[in-house]
Amino acid sequence: MARYAGPQCRLCRREGIKLYLKGDRCYTGKCAIDRRPYAPGAHGQARRKVSEYGLQLREKQKARRIYGVLETQFRNYFERAERQPGVTGENLLRLLERRLDNVVYRLGLATSRMEARQLVRHGHFTVNGRKVNIPSYLVRVGDVIAVREKSKESPRIKELMERAADRTPPPWLEYEENQAQGRVVALPTRDQIDTPVQEHLIVELYSR
């Protein structure tokens, strides 16, 4: 499956905000955006007047990069959100939040969405008792996401399980420490999604 394989810190610098793409490193002094808080490239420090289209494009790119979604897939999410009842922008974020790799990250069983994606691809998680290795799998209310029994012996998985016990998941998720599993108790509302994205700008961009 295609994915971005370039420098992650470069993406944060381009958007001018921490996207927390590298997990723990983003909270240390090694974070690139703390050391070089300007866009990458020879002209990164130049002042530029950003057009309305430019602002809309940056919001779309920011959302794509936060969730690790490529352009065609992101457009498909938007079209699906547009067909659903309700506010299109909120529907879009709700779909992105329901991705299995994002849910694993939200439960604290990965330090970044990239790590969550890798763990899902390697088959470390089950949904309702069945192994699922598709990061884009959309969970539903009532679904139970659990660490596979075989995977619980992995040193890295053990470490992540211990860390998850100390974290509080968003209100639409529940985490059961003794079972190393989470449950989707509701669909997320906009105020429960802390992603720093102005989704109305994305809607305006695709509505051109």
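Some points to look at:
- Using C-alpha pairs under 8 Å with a sequence gap of at least 6, the mean separation divided by the residue count of the stretch 99-184 gives a relative contact order of 32 percent.
- Here is the list for the stretch 159-198: GluC sites (Glu not before Pro) lying in DSSP coil, each with at most 15 other C-beta atoms within 10 angstrom of its C-beta, are E177.
- Net charge dipole size for the stretch 99-184 [Lys, Arg +1 and Asp, Glu -1 on Cβ; Debye, nearest 20]: 380 debye
- Size descriptor for the stretch 69-208, Kirkwood hydrodynamic radius: 15.6 Å (Cα pairs only, one decimal).
- Spatially, the stretch 166-185 and the stretch 62-126 are offset by 18 Å when compared through their Cα centroids.
- FRET E, pair Q84, R130, Förster distance 22 Å, beta-carbon r, rounded to 0.05: 0.25
- Sites N76 and K150 - FRET efficiency at Förster radius 25 Å, r taken between beta-carbons, to 0.05: 0.15
- Of the trypsin sites (Lys or Arg not before Pro) in the stretch 40-141, those whose Cβ has at most 12 other Cβ within 10 Å and which sit in DSSP loop: R47, R48, K49, R140
- For the stretch 103-126, backbone nitrogen atoms closer than 15 Å to the point 7 Å from R190 Cα along Cα-to-C-beta are found at no residue.
- Note on Q179/V50: beta-carbon distance plugged into 1/(1 + (r/R0)^6) with R0 of 41 Å gives a FRET efficiency of 0.30.
Coordinate-derived values only; no laboratory data. Keep in mind it's a predicted model, so treat the numbers as computed, not measured. FYI the Cβ positions are ideal-geometry reconstructions off the backbone, even for glycines, and counts take in every protein chain you see.
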